[in-house]
Amino acid sequence: MTEQSNSERTAPATSETNGCDGSAAMAESSRRHFLKASAALAAGVTATQALPEAAMAQGASDVELNRVLQQRRTLLKGGVVLTLDRGVGDFAQADVLIEDGKIREVRPNIVVSDDAAAAIDVPGRILIPGFIDTHSHSYQGILRNILSNGRVDPDYNRDIIGKLTPAFTPVDAYAGMLSTALGMIEAGTTCVVDVSQVNNTPEHSDALIRALQDSGIRAVFAYSDGERACRAVSATNLPTAAELFQLRGPAADARAGRAS
């Protein structure tokens, strides 16, 4: 997080407390409220995600929605800011100004006119840089919890990779990727390396990339030939680079070029 305009560090929020009594539900509700308010800190996230939860509720006025959509800047006011940047510092109470999806300024008492930015009050909430997930098979979001007691070998390799993954349609791939990406943003993860294993056709690759773009998350799309490649590789029989090229085949290479 920096004060320069080219900074792209994001700052999703977490609840400042983690109570174990009846206040837990309220804390979770507040966390969800603020995550919606601060999601615009991720570059590319749509402005509608910056609205407080109340503004998105049924019957909310279109006036507030239109006001935020029309603004280039969003001001988060009065939060606990942990920048993890020694050059900027941490603040018990400060404001964060976002302009065109990037953090422009971090300091206490930023003053902007009401018609120049969408101001959102976040007292008692923590603003921190977004987390990074470096290994995710994100298309499997729609398969969550179906193999809770399974092992990687043989259960996952047999059932998820060997049976379900080949049956995925492009629509399935899009839904799985989008649900995973949105869940990550809500939980405070704003960047992901997606190790993609469901590139069954060029249409699958297109759907996966489109889901990442639609979610607004930062992502590295790590193309994989999927089930065929995984089946041929084991810990005791790692292929050479030449063998991997042959394993991929012309169709896989064409899909990789299409996805890039």
Worksheet item: Arranged from highest to lowest average of other beta-carbon atoms within 10 Å per residue, in what order do the peptides 215-223, 97-105, 160-168 appear?
Response: 215-223, 97-105, 160-168
Worksheet, complete the sentence: Taking only the alpha carbons of the stretch 113-195, the radius of gyration and the largest Cα-Cα distance, Dmax, both in angstrom, are 18.0, 61
Worksheet item: So for Leu147, Leu76, Leu84, fewest C-beta neighbours within 10 Å to most, what's the order?
Response: Leu84, Leu147, Leu76
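Counting only other residues whose beta carbon sits under 15 Å from that of Thr180, what net charge do I get with K and R as +1, D and E as -1?
Values: positive: Arg144, Arg210, Arg218; negative: Asp133, Asp172, Glu186, Asp194, Asp214.
The answer is -2.
All of the numbers you see were taken from the coordinates with simple rules; none came from a lab. Just so we're clear, the structure is a prediction, and the values are computed from it rather than from any experiment. No Cβ is skipped: glycine too gets one built from the backbone with ideal geometry, and neighbour counts run over all protein chains shown.
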